[in-house]
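K.L.:
Quick one: the structure is below, and I'll ask about it shortly.
Only the coordinates and a few stated rules stand behind these numbers; no lab work does. As the structure is a prediction and not an experimental result, all values here were calculated from the model. Positions of Cβ are backbone-derived with ideal geometry, glycine not excepted, and every protein chain shown enters the neighbour counts.
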Ligand SMILES: Nc1ncnc2c1ncn2[C@@H]1O[C@H](COP(=O)(O)OP(=O)(O)OP(=O)(O)O)[C@@H](O)[C@H]1O
Ligand SMILES: [Mg+2]
């Protein structure tokens, strides 16, 4: 049997290549995740640990969940002087050049050079009060250069500083935009956001105050990492889910490859049995073949994964410098895990077809291949099981939607999907026939070829079906969530940009300038008057905007206030607002006054919105003090806000924008969707390899038939087209079926998860994207057919006829 | 033989050679064949195994390019045709019956018979359907047209293959060991049908065989030996 085993491995190597590729890709996927996780962990140790690198001790609160008292920390730093480095932050409004003020984080720099953990990029560290170093990213964003002056803080604590250096911070937790000397930092100790929560110490610490504890730097960083790396593990876990999908798809692909291969070799096996090989011997030989393929493919996959992972780390570091990765240690458990998964997948996938091989009697195997039909005992059991799974699954989904239970939804979805897969051999060929009928007589042969072995047809499409279903569900789910989030955001940020001029009314000139600014779709003046509101220290603008719908994203509903009410934006007032919704307050303009009830809202800046009648009650001569702007669809938020800030500054007005927040949220959602699609893409690639593989094997199997067709007058091009049509039919049917199921799942998910969470959500089906998916699948099917079709067309009829 | 006029010659070969492989592994399968095949006649090509019968047939039928010499079928020099033109030429002028695996397993017998028409993009019109029925009648498979090849006996499969070869009214019908897989009774049946096709439909037929009995059904017998006509 040994010679047989070696000979068949040699003869069939090429046929195993595709199965091996599927295994390699999934193993590599798992290993890459391992390497990257390890890199992220190393990066964290290196970077988060930077502030404590040359320290002997770290002082922090006794309990992990507590924070060290700021006054205690200051006391330690003051006492130890050059041997201590306090870590803290304060949030200060900062003005650079003639840009509008915005909040920036400010942190201290250690007095001793060895304890300065920030990386100096250019210039020098600040040495005395009045000097500052700026983080390079902020310097880039705000065009700050060495030698510039920046103003930190407002009013009494405002300080002008000279920028003497640019630095980079390796530690994300201690990162600030501006760094100053410790004494300078202490200037702002009365600011509400001021805190010092950790102290790195060189040498002896001496008497520890109450509530403080000493940690060794290693221990301290590792503890901190445990917290944060939960996060990294979470991401690794999510990635693993995708790896599991890829692995599942490759099980389907590999199993199908083996069953096609074995079907083709049934005669060989039968012959072996006839010449005296026992069932056991045949089984063993086949198993050893699978094991050899599994070991080789898994080993290759592991190596490819390691190579790819280490190549990806520098790439990620350049693409996303905010989360630098370190030198990853070889993640042995991941490597072993990936290898094992690959081996087990191959062995498992070869198990079923192998069992079928030895069940067939030698004589039966010598007869030509007959199609499976649903009337056999196994066929009936299979259909019954499929029906059972479908019904149970649908029932579970129904219950899940009523009870909003995610667990039931997942169970139901899985059950339905398993049912569909089992129904495959009965369902998929029917769909292929229906689709093929649309092609007319040109597609007849292709259609018949595609369905001639229903089980193989179903198995080939199953892998793509899995991927498309998931992709469609993700696309539809994200479109639905997105629509809901958009709507909520429109409500929370009704006005894109508000220019407010409390002192003087805005001029029509300014309004014109704003309207002419590129990226402005519409701008309206808003009338109002300065008013004293009881409970507020400073006067605020009270405005009315009956025509707010012209610019508001929520259709202007935030500005439709009933007479007798005043709507305030809490976010715009920070936390200094002692008023609560429902309170009644006296609002006074000049000597007129009105009793108004407070209502809440957000997203239009620091003004109280009232009804026109209420404003008329307060003043006879309202003047435009505010301009509300709606940005056009494609406007660049940074540029637009910059331009408008320039106009506002020149006119002495303040600017309040929601655009940048919107853009960030948008981007987050987009990144999320694309990452998921990208990760699913790996599974899709495996599925396509599977289709190409089955087709390639079928082409080998049908070489004689093709030769005969060619002899009868089928041109090369017709042959190629026939095979391409066959592949396209398979992929399009899998895609259409997957799209339907995927949208169905998305709907179930929407009813179960999205609707309870976002009350205004409505189901959105992204038809164009789904169209693209079907199109891509069809093209990919064509692509999968290219190689097999070329190989088939190359054979001359005479050569094909002498094959057997 | 060589003196007959063009009008009665369906196909001819002149100094036909075919060489497989290169250097030491070179095999001269055909070493200069001169042959005329006459219209309406049933010719048997005989010879021992490995003598080049199949190779000759492949070259005459345009399934393979010759290494040297010319093949003319229905007045067309096959050497001057590229692959596509040759394929279309086969589709229109040549019919085939092979030893086995003649029929597409996923098509019914009836569909197999009209397959050559369909490959040409022709609609199976009433005339074609009528002809298919007539042929099926003659060949005794009329009641089997709805069955798949797997449900037919070997002899029935070969008769369906003959019907398919005749449907286009080809200038030449090639049969490579059409009875190789059949028992003697069934062989006789199939050979009778071939002979009737030649006699009654005026079909030119070339049959490769190494059975002496089979050759007795033919009008002419060409014997090959070591790549030459003996
Ligand atoms: N593709 C090929 N490559 C190399 N040699 C070939 C090839 N096809 C045929 N031959 C050789 O050419 C010679 C003629 O072969 P051919 O198939 O024509 O014989 P045949 O007369 O049909 O034999 P049989 O009666 O066994 O079918 C043989 O020696 C064979 O080995
Ligand atoms: Mg032969």
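K.L.:
What does the extension gain come out to for residue A:778 and residue A:490, with contour length at 0.36 nm per residue minus their alpha carbon separation? Mind showing how you got there, number by number?
P.N.:
Details: separation 288, 0.36 × 288 = 103.68 nm, distance 3.79 nm.
Additional length available on full extension: 99.9 nm.
K.L.:
Suppose R0 equals 25 Å. What FRET efficiency, 1/(1 + (r/R0)^6) with r the Cβ-Cβ distance, do residue A:82 and residue A:122 give to the nearest 0.05? Let's see the in-between values first.
P.N.:
Working: r = 25 Å, r/R0 = 1.01.
The calculated FRET efficiency here is 0.50.
K.L.:
Apply 1/(1 + (r/R0)^6) to the Cβ-Cβ distance of residue A:405 and residue A:327, taking R0 = 51 Å, and write down the FRET efficiency to the nearest 0.05. Walk me through the numbers on the way to the answer.
P.N.:
Working: r = 45 Å, r/R0 = 0.87.
Efficiency, from the Cβ-Cβ distance: 0.70.
K.L.:
Need one value for B:84-96: mean number of C-beta atoms belonging to other chains within 10 Å of its residues' C-beta atoms.
P.N.:
Working: counts 4, 1, 4, 12, 3, 1, 7, 6, 1, 1, 3, 3, 6.
So the per-residue partner count for this stretch is 4.
K.L.:
If you take the Cα atoms of the range A:650-771, find Rg, then find the Kirkwood Rh from the mean of 1/r over all pairs, what is Rg/Rh? Intermediate values should be presented prior to the final figure.
P.N.:
Values: Rg = 24.5 Å, Rh = 19.5 Å.
Across the range A:650-771, the Cα-based Rg/Rh ratio is 1.26.
K.L.:
Moving on. Ignore the peptide's own chain and count Cβ atoms of other chains within 10 Å of each Cβ in A:712-723; give me the average, rounded.
P.N.:
Working: counts 16, 18, 9, 9, 3, 3, 4, 1, 0, 0, 0, 0.
That works out to 5 on average.
K.L.:
Where the centroid of each part is defined by its Cα atoms, how far is the range B:181-230 from the range A:728-804 in Å?
P.N.:
Using only Cα atoms, the two centres lie 52 Å from each other.
K.L.:
Shifting gears a bit: Ranked by Cβ crowding within 10 angstrom, fewest neighbours first, how are A:182, A:767, A:628 ordered?
P.N.:
On the way: A:182 20, A:767 10, A:628 29.
The most exposed by this proxy come first: A:767, A:182, A:628.
K.L.:
If you count, for each residue, the other Cβ atoms within 10 Å and average over each peptide, how do A:111-124, A:640-653, A:448-461 line up from highest to lowest? All intermediate terms of the calculation are to be shown ahead of the outcome.
P.N.:
Values: A:111-124: 15.6, A:640-653: 18.5, A:448-461: 24.1.
Averaged packing, sorted descending, gives the order A:448-461, A:640-653, A:111-124.
K.L.:
Please give the peptides A:301-312, B:23-34 ranked by average Cβ packing (other Cβ atoms within 10 Å per residue), highest first, as a rough proxy for protection.
P.N.:
A:301-312, B:23-34
K.L.:
Another question, then. Only Cα pairs within less than 10 Å get springs; with that Gaussian network setup on chain B, which residue of B:125, B:137, B:77 has the largest fluctuation?
P.N.:
B:125
K.L.:
In percent, how large is the relative contact order of chain A, given Cα pairs closer than 8 Å and 6 or more residues apart? Walk me through the intermediate numbers first.
P.N.:
Working: 1425 pairs, mean separation 122.8, N = 804.
Computed over chain A, the figure is 15 percent.
K.L.:
Where a ≥ b ≥ c are the square roots of the eigenvalues of the C-alpha gyration tensor, would you call the range A:722-769 rounded, which needs a/c under 1.5, or, failing that, prolate if a/b is larger than b/c, or oblate?
P.N.:
Numbers: a/c = 7.00, a/b = 3.34, b/c = 2.10.
Prolate is the answer for the range A:722-769, as a/c is 1.5 or above and a/b outweighs b/c.
K.L.:
Can you compute the modelled spin-label distance between residue A:597 and residue B:127, with each label point 7 Å from Cα toward Cβ, in nm?
P.N.:
9.2
K.L.:
Let me understand the protein assembly as shown better: what is its radius of gyration from the alpha carbons, and its Dmax, in angstrom?
P.N.:
41.3, 132
K.L.:
Need the full-extension length gain, residue A:794 to residue A:191, defined as separation in residues times 0.36 nm minus the C-alpha distance. One decimal, nm. Walk me through the numbers on the way to the answer.
P.N.:
Numbers: separation 603, 0.36 × 603 = 217.08 nm, distance 8.01 nm.
Length gained, residue A:794 through residue A:191: 209.1 nm.
K.L.:
Multiply the residue separation of residue A:114 and residue A:717 by 0.36 nm, subtract the distance between their alpha-carbon atoms, and state the gained length in nm to one decimal. Present the calculation step by step, with values, prior to reporting the outcome.
P.N.:
Values: separation 603, 0.36 × 603 = 217.08 nm, distance 7.44 nm.
Working it through step by step, the gained length comes to 209.6 nm.
K.L.:
Work the Kirkwood hydrodynamic radius out for the range B:134-221: mean of 1/r over every pair of different alpha-carbon atoms, inverted, in Å. Spell out each step's value before the answer.
P.N.:
Working: mean 1/r = 0.0758 Å⁻¹.
Result for the range B:134-221 stands at 13.2 Å.
K.L.:
Follow-up. For the range A:123-195, how big is Rg over Rh, using alpha carbon atoms and the Kirkwood form of Rh? Walk me through the intermediate numbers first.
P.N.:
Numbers: Rg = 11.9 Å, Rh = 12.6 Å.
Over the Cα atoms of the range A:123-195, Rg/Rh equals 0.94.
K.L.:
Hey, another quick one. Suppose only helical runs count, i.e. DSSP H with n ≥ 4. What mean residue ellipticity at 222 nm does that imply for chain A under -39500 (n - 2.57) per run, divided by all residues and rounded to the nearest 500 deg cm²/dmol? Intermediate results must be reported in sequence, preceding the final value.
P.N.:
Details: 21 runs with 458 residues, N = 804.
Theoretical 222 nm ellipticity from helices: -20000 deg cm²/dmol.
K.L.:
Please list log₁₀ I(q)/I(0) at q = 0.19, 0.20 Å⁻¹ for the range A:494-657, using the Debye equation with identical point scatterers on the alpha-carbon positions.
P.N.:
-1.19, -1.30
K.L.:
Could you tell me the center-to-center distance, by alpha carbons, between the range A:531-565 and the range A:73-120 in angstrom?
P.N.:
The distance from the Cα centre of the range A:531-565 to that of the range A:73-120 comes to 40 Å.
K.L.:
How big is the range B:4-229 in terms of Cα radius of gyration and Dmax, in angstroms?
P.N.:
For the range B:4-229, the Cα-based Rg and Dmax read 17.2, 56 Å.
K.L.:
Here is a follow-up. Specify the inter-centroid distance of the range A:456-524 and the range A:132-175, based on alpha-carbon positions, in whole Å.
P.N.:
33
K.L.:
With labels modelled as points extended 7 Å from the Cα through the Cβ direction, what inter-label distance (nm, one decimal) is found for residue A:315 paired with residue A:547?
P.N.:
It is 5.4 nm.
K.L.:
Sticking with this structure for a sec: Between residue B:181 and residue A:295, take the C-beta separation as r, use R0 = 60 Å, and let me know the FRET efficiency to the nearest 0.05. Walk me through the intermediate numbers first.
P.N.:
Working: r = 43 Å, r/R0 = 0.72.
Calculated value: 0.90.
K.L.:
Return one number: the angle in degrees, 0 to 90 and rounded to the nearest 10, between the long axis of the Cα atoms of helix B:154-166 and the longest principal axis of the Cα atoms of chain B.
P.N.:
Long axis of B:154-166 versus the principal axis of chain B: about 80 degrees.
K.L.:
Against the longest principal axis of chain A, how steep is helix A:659-701, in degrees 0 to 90 to the nearest 10, with axes from Cα atoms?
P.N.:
Helix A:659-701 sits at roughly 10 degrees to that axis.
K.L.:
Helix-derived [θ] at 222 nm for chain B: sum -39500 (n - 2.57) over DSSP H runs of at least 4, divide by residue count, nearest 500? All intermediate terms of the calculation are to be shown ahead of the outcome.
P.N.:
Working: 7 runs with 79 residues, N = 230.
Per the formula, -10500 deg cm²/dmol.
K.L.:
Here's a follow-up. Kindly put A:774, A:357 in sequence by how many other C-beta atoms sit within 10 Å of each C-beta, fewest to most. The partial results should precede the final answer.
P.N.:
Working: A:774 17, A:357 25.
Ascending number of Cβ neighbours within 10 Å: A:774, A:357.
K.L.:
Follow-up question, since we're still on this one. Sorted from fewest to most neighbouring beta carbons within 10 Å, what does the list B:88, A:144 look like?
P.N.:
Values: B:88 16, A:144 24.
Neighbour counts put them in this order, fewest first: B:88, A:144.
K.L.:
Could you check the spin-label model distance between residue A:418 and residue B:228? Points 7 Å from the Cα along Cα→Cβ, value in nm.
P.N.:
With each label placed 7 Å out from Cα toward Cβ, I get 7.4 nm.
K.L.:
Convert 25 °C to kelvin, take the viscosity as 0.890 mPa s, use the Kirkwood radius over C-alpha pairs of the range A:57-215 as Rh, and evaluate the Stokes-Einstein diffusion coefficient in µm²/s, rounded to a whole number. Write out the running numbers ahead of the final one.
P.N.:
Details: Rh = 15.9 Å.
D, rounded to a whole number, is 154 µm²/s.
K.L.:
Using only Cα atoms and rounding to the nearest 10 degrees, what angle (0 to 90) does helix B:184-201 make with the longest principal axis of chain B?
P.N.:
Roughly 80 degrees, rounded to the nearest 10.
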